[in-house]
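Written out below as C-alpha cells is the structure these notes cover.
The values are calculated or read from the model by the stated rules, or taken from the named source; none is laboratory data. Worth saying up front: this structure is predicted, and the values here are computed from it rather than measured. When we count neighbours, we look across all protein chains shown, and the Cβ atoms used for this are built from the backbone with ideal geometry, even at glycine.
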Amino acid sequence: MIVVRVVQADDLDALFELASRTGRGMTSFKPDRAALTQRIDRVRRTIEGTAPLGEQGYLFVMEDTETRAVVGVCALEAAVGMTQPFYNYRISTVVHASRELDIWTKMTMLNISHDLTGYAELCSLFLAPDARVSGNGALLSKSRFMFLAQFAERFPPRICAEMRGHFDEQGESSFWSAVGAHFYQIEFDQADYLSSHGKKSFVAELMPRYPVYVDLLPPEAQACIAKTHKDTLPARTLLEAEGMRFENHIDIFDAGPVLESHVDTTRAARESLLLPIELDDSAPGDGVRHLVSNTSLTDFRVILVPRAPHSGSLKLTREEARALNLAGDGAAPQLHEQPQAQVRVLSLYPKERK
Amino acid sequence: MLFVRPGKLSDLDQIEAMARAVRPILHSLPPDRRALEARLALSQDSFCADVDTPGEEFYLFVLEDSASGRLFGTASIVASAGYAEPFYAFRNDALIHASRELKVKRRVHALTMSHQLSGKSRLTGYYLDPSLASELAPDLVARLLSRARLMFIAQHRQRFAPEIFTVLVGITDDNGVSPFWEAVGRKFFKRDFAEIELASGGRSQTFIAEIMPSYPLYVPLLPPDAQRVLGEPHPNAVLPYSIHLEDGFEPDGFVDIFDAGPVLTANVAMCDTVRHGLQRRVVRRGELVDAGTPYLVSNGLADEFRCVMVNLTRPMETSPAPDIPLPDAVADQLLLADGDLMCCAPLHHQGDLR
C-alpha cells in the first residue's frame with residue numbers, strides 16, 4: 001500500500017537517496033544531508049509549535065508500506081518570504097496612447113514583486129520515476145490539499161506553487177539568457193542553487209531594479225514567460241484541478257508560472273468531507289478512487305481507496321486503516337484506538353473526471 | 001568666397017531644394033516649403049530681436065558662395081530646446097550591480113527618458129551640399145559652416161543658454177531602417193521611423209511622453225543590433241560629429257530617443273571656439289595673402305552676421321593686442337571697416353595643430 005505521511009526523523013537516509021535522483025531544477029530538494037536534517041527538524045518544530053511563522057514548513061514522504069521504501073516527497077511552507085524576501089516578477093500592463101497620433105499600444109512589463117510574501121507554498125514535489133504509476137503523482141500532490149483542508153487554521157489565507165520554467169532541447173532557458181545572465185553573471189544552476197540555499201541577498205543586489213519591457217525582449221525569451229517545463233505540465237494540471245490558477249506572477253530566473261489560490265476555495269476545502277469509518281475487509285475495490293486522510297497532526301497520513309463513501313461513512317479494509325494508523329488490530333506501532341475514528345474524504349479527481 | 005550669414009526669406013527656394021536632398025530626413029530641415037518658410041520668418045525675427053535671455057528664438061544660417069550667390073549649406077541654433085515644452089533624450093546611465101558575496105561586479109547601462117536638456121541651446125539643421133567644389137578643402141568648409149554657429153554664440157552669449165548640445169543622425173541602413181527604432185520605438189509607436197521623425201518636429205511633442213517608455217530600458221536586454229548603434233553617428237554625420245568633438249563637446253551622456261544617434265553636450269565657455277576666440281580690430285589692406293594658419297573670422301553683428309575662414313599669421317596674443325590686417329575682399333565680405341572689432345578663432349588651437 002502506498003501512503004503519504006508527515007516526515008519522521010528516521011527518514012533522513014531515504015530522503016538523501018531520493019534527493020540524489022532529482023537532477024536539475026529542484027531548487028528546494030537537493031542531496032545535502034545537513035540541509036535535509038535541518039529540514040526534518042524544522043517540521044518537528046513546526047508541529048510542536050515552537051517554530052516562528054517564517055520557519056514553519058511541512059514535509060511529506062510517500063512510502064511503499066510493503067518495502068518501506070520512500071519513493072516520493074512533497075512539501076508545504078507555511079509562509080514564504082518572512083525572513084529572506086520572496087522574489088517574483090509580476091506581469092503588469094501599461095497602455096501608451098496618444099489621441100493626437102491615433103496610437104494605442106498595450107505593453108507588458110515585468111515588475112519585481114514581493115506580492116506573495118506570507119503565502120503558503122506548495123513545493124519540493126518529487127516522485128521517483130519507477131513510482132510514477134497508478135495515481136501516485138496525484139496522491140502525492142493532492143495530499144497537501146487534504147492537509148490544508150484539515151489544518152486550515154495553521155495556514156495563511158492564500159497558497160502558491162512555483163512551476164519550473166521552459167528549457168530548450170539543450171537545457172538552456174532563453175529567458176535566463178536574455179535577462180538574468182546579463183545581471184547575475186553566473187550560471188543558471190548556480191543562481192538556482194544559491195537562491196534555494198538562503199543566499200537570496202545576492203538576488204537583490206544584482207537584479208534589475210526597474211521593470212522590464214517584455215515586448216523589447218527577444219521573441220524566444222518572451223515565449224518562455226509563464227511557460228511550464230514540459231516535465232512539469234502534469235503537475236500543473238493536477239494543481240489546476242484543485243483550484244489553483246496562474247495569476248500573473250512568474251519566477252525571476254526561468255520565468256516559470258506561479259499558480260495561486262485561496263485556501264478556502266481549493267476543491268479540498270469546498271468538497272472534502274469528514275466521515276466516520278467502518279472497518280470492512282470485504283469493502284468493494286473497484287469504485288471511484290478517493291483520497292482519504294486521518295486527522296492527526298503529528299502522524300498525518302493520506303492514502304487512496306478504490307471506493308466512494310456511502311450513507312455517511314467510508315468503508316476501509318483493515319490494511320487501509322492500518323496504513324492510516326487507524327486500525328485496532330495491534331499491527332501498527334502507534335495505535336490509535338478510535339472505533340469512531342473520522343477521516344477526510346475527497347474524490348481523487350473532480351467530478352467531471354472519473 | 002564662401003561665407004556664412006543669416007538665412008533670409010528670399011533664400012526659401014534654395015533652402016527647400018536642400019531640404020529635399022537631405023538623407024536621412026531631418027525634422028530640423030523638413031522637406032516642406034511652408035514649414036521652412038515659417039522657420040525662416042522666425043529666424044529673421046530672431047536675428048533682429050533684442051534678446052536678454054534665450055526663448056523661442058531660432059537662428060538659421062546659410063553657407064553662400066559670394067561669386068555665384070548660390071547656397072551650399074545650412075546650419076541652425078535653437079535658443080532654448082523645447083522652449084516651454086520638455087526636450088526629450090535618453091540619458092545613458094551606468095548602474096553598478098555588485099555582490100560582494102559572489103564577487104560579481106557588473107556595470108549595466110540603462111536608458112532613461114530625460115528632460116535634462118530642456119532649455120539648453122541646441123545646434124541643429126546642419127546640411128552641406130555634397131556637390132560643392134571650392135577653393136577650401138571640404139573638411140574646412142564643414143568646419144566653417146558648423147563652427148560659425150559657435151562664433152555667433154561666442155559674441156551673443158545673452159541670446160543662448162550656458163550649455164549647448166546637438167543631436168546627430170544615428171545609424172540607419174540603406175532603406176532608412178534604424179535598428180534602434182525597430183527594437184524600441186516601433187514597439188511603442190507601431191509606425192515607421194521617418195513618419196514619427198517628421199511628426200515629432202523635434203523632441204518636444206506631448207505624444208513622446210504619452211508613447212515612449214516611462215521606465216528605464218536596460219541596454220543589455222536590447223537586441224545586439226540595437227545595442228551596436230547606440231551613440232553611433234550615421235556615416236553622413238561622422239564629419240559633423242568629429243567637428244563637435246574637436247570643439248570640446250562630450251559624447252556618451254545622452255542618445256536620441258528615436259534612432260539612438262549621438263547627443264553631444266558642451267558648456268559654451270569650454271568650447272574651443274569660445275575659449276580661444278579673440279576680439280581684435282581690423283586693419284584693411286589691399287592684397288590677399290595665403291600665409292598663416294586657418295582662422296574663423298566673424299563680425300560682431302547679429303542680423304548682418306558674417307563668418308569666413310581665412311589664413312592669419314600668428315602670434316596674435318601679444319600685448320598690447322595687435323590689430324589684424326585683413327585683405328579688402330575679406331573685410332568687405334565681413335562688412336568690416338578699418339578699426340571695427342572682429343572675432344578670430346583658430347581652427348586648431350595651439351597644441352592641437354595637425
Query raised in the report: In the range A:202-217, what residues are under 13 Å from A:V179 (Cα atoms) and out of contact with any Ser or Thr (no Cβ under 7 Å at 6 or more places or on another chain)?
Result: A:M207, A:P208, A:R209, A:Y210, A:P211, A:V212, A:Y213, A:L216, A:L217
Report task. Looking at (1) farther than 29 Å from B:P235 by Cα; (2) modelled with pLDDT of 95 or more; (3) in contact with a His (Cβ under 8 Å, 6 or more places away or on another chain), find the lone condition where B:H276 falls short. Result -> (2)
Query raised in the report: Looking at A:F175, A:F246, A:F167, which one is away from chain B (no Cβ under 12 Å), at pLDDT 90 or above and over 21 Å from A:V80 (Cβ atoms)?
Result: A:F167
Query raised in the report: Do we find a residue being under 25 Å from the mean Cα position of the chain (by Cα) and either hydroxyl-bearing (S, T, Y) or not assigned by TED's automatic domain parsing to the domain that holds B:G176 (or both) anywhere in the range B:243-256?
Result: no
Requested in this report: Test B:F180 against the criterion of being over 29 Å from A:Q185 (Cβ atoms) and either more than 10 Å from every other protein chain (Cβ to nearest Cβ) or buried (at least 16 other Cβ atoms within 10 Å of the Cβ) (or both), and give yes or no.
Outcome: no
Query raised in the report: Picking from B:L36, B:L60, which residue would you name as being of a type in the set (A, V, I, L, M), assigned by TED's automatic domain parsing to the domain that holds B:L150 and within 21 Å of B:R143 (Cβ to Cβ)?
Result: B:L60
Report summary line: In the range B:49-99, anything modelled with pLDDT of 90 or more, out of contact with any Leu (no Cβ under 8 Å at 6 or more places or on another chain) and charged (D, E, K, R) is listed as B:D50, B:D52, B:R70
Query raised in the report: Restricted to the range A:135-156, and to residues that are small (G, A, S) and closer than 18 Å to A:T232 by Cα, which residue is surrounded by the fewest Cβ atoms within 10 Å (Cβ to Cβ)?
Result: A:G135
Query raised in the report: Which of the residues belonging to the range A:80-106 are touching a residue at least 12 places away in the same chain (Cβ under 8 Å) and surrounded by 19 or more Cβ atoms within 10 Å (Cβ to Cβ)?
Result: A:V80, A:G81, A:F86, A:Y87, A:N88, A:Y89, A:I91
Report summary line: Counting only residues that are among the basic types (K, R) and within 11 Å of another protein chain (Cβ to nearest Cβ), the range A:90-127 contains a total of 2
Report task. Taking the residues in the range B:191-232 that are charged (D, E, K, R) and closer than 20 Å to B:L168 by Cα as candidates, determine which candidate is farthest from the other protein chains (Cβ to nearest Cβ). Result -> B:E232
Requested in this report: Would you check if there is a residue in the range A:91-108 being part of a strand (DSSP E or B), closer than 19 Å to A:R21 by Cα, at pLDDT below 95 and not hydrophobic (A, V, I, L, M, F, W, C)?
Outcome: no
Query raised in the report: Of all residues in the range B:16-54, how many are of a type in the set (A, V, I, L, M), in contact with a helix residue (DSSP H, G or I) (Cβ under 7 Å, 6 or more places away or on another chain) and under 28 Å from B:Q158 (Cα atoms)?
Result: 5
Report task. Looking only at the range A:194-216, decide whether some residue is over 21 Å from A:I112 (Cβ atoms) and surrounded by fewer than 17 Cβ atoms within 10 Å (Cβ to Cβ). Result -> no
Query raised in the report: Can you tell which of A:A221, A:A255, A:A191 is within 14 Å of chain B (Cβ to nearest Cβ), under 17 Å from B:K103 (Cα atoms) and either over 19 Å from the mean Cα position of the chain (by Cα) or not acidic (D, E) (or both)?
Result: A:A191
Query - Residue ID - modelled with the lowest pLDDT, chosen from residues in the range B:193-229 that are charged (D, E, K, R) and surrounded by fewer than 16 Cβ atoms within 10 Å (Cβ to Cβ) - result: B:E195
Query - Residues that are closer than 28 Å to A:H249 by Cβ and among the β-branched types (V, I, T), drawn from the range A:259-301 - result: A:V263, A:T265, A:T266
Query - Residues within the range A:130-155 that are at negative phi and either among the acidic types (D, E) or more than 15 Å from the chain's Cα centre (by Cα) (or both), tallied - result: 9
Query raised in the report: Say we look at the range A:253-301 and pick out the residues that are among the small types (G, A, S) and in a strand (DSSP E or B); which of these is farthest from A:V7 (Cα to Cα)?
Result: A:S261
**Report entry** Checklist (1) surrounded by fewer than 16 Cβ atoms within 10 Å (Cβ to Cβ); (2) out of contact with any Asp or Glu (no Cβ under 9 Å at 6 or more places or on another chain) applied to B:G125, failing item
**Finding:** (1)
Query - Elements of type strands (runs of 3 or more DSSP E) contained in the range B:1-100, each with 1 or more residues being touching a residue at least 60 places away in the same chain (Cβ under 8 Å) and of a type in the set (D, E) - result: B:58-65, B:89-99
Report task. Please identify the pairs in which a residue from the range A:206-218 that is more than 7 Å from chain B (Cβ to nearest Cβ) has its Cβ atom under 7 Å from the Cβ atom of a residue that is surrounded by 19 or more Cβ atoms within 10 Å (Cβ to Cβ) and among the aromatic types (F, W, Y), counting only partners at least 6 apart or on another chain. Result -> A:M207/A:F183
